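The values are calculated or read from the model by the stated rules, or taken from the named source; none is laboratory data. Every value quoted in this text rests on a predicted model; they were computed, and no experiment measured them. Here the Cβ positions follow ideal geometry from the backbone for every residue, glycine too, while neighbour counts run over all protein chains shown.
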Amino acid sequence: MYDRALFARRALPGQSAMKTFLSDYLELIFTALGVIVILVVPALFSRYYTIHLGTAYPWRVAAITATAVGIIHGILFFIVRHRQRESRQRVIHDVRKLSDVVCNQLQVVVFARHAEDEENLLDAAHAIQRHVADLH
């Protein structure tokens, strides 16, 4: 079928294997817990309805429970995905800043190669160094 090693993700440095597992299978875990709640809650309340009201309404309880679980799922998924999106945007921003610094330093090296005399080279290096310092 398929090799599990291809789909397995290793924990990043400083990240536990449990945290990696939870982040990979979060939706599946929430869905399984939601289904369990939807099945258990009507079973618990069916006895209450039978004793106090004379008839059992398990489907009404199941529908209310499923609606509540769906709303909670939506809120949790939104929060988790929003945090992941913000984290990705921060990383992208940091990588772009780092790329700019590396490009600026590369320009210094390239310009140094083409500079005609040492005085122009020194002035250009100081100007670029001030520009890079302003980026930080």
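Some notes on this structure:
- Summed over the stretch 49-86, residues that are small (Gly, Ala, Ser), exposed (fewer than 13 other Cβ atoms within 10 Å of the Cβ), in a helix (DSSP H, G or I) and modelled with pLDDT under 90 total 0.
- Looking across the stretch 31-45, the residues that are surrounded by fewer than 16 Cβ atoms within 10 Å (Cβ to Cβ) and modelled with pLDDT under 85 come down to 43, 44.
- Residue in the stretch 94-105 that is over 30 Å from residue 128 (Cα atoms) and at pLDDT below 90 present: no
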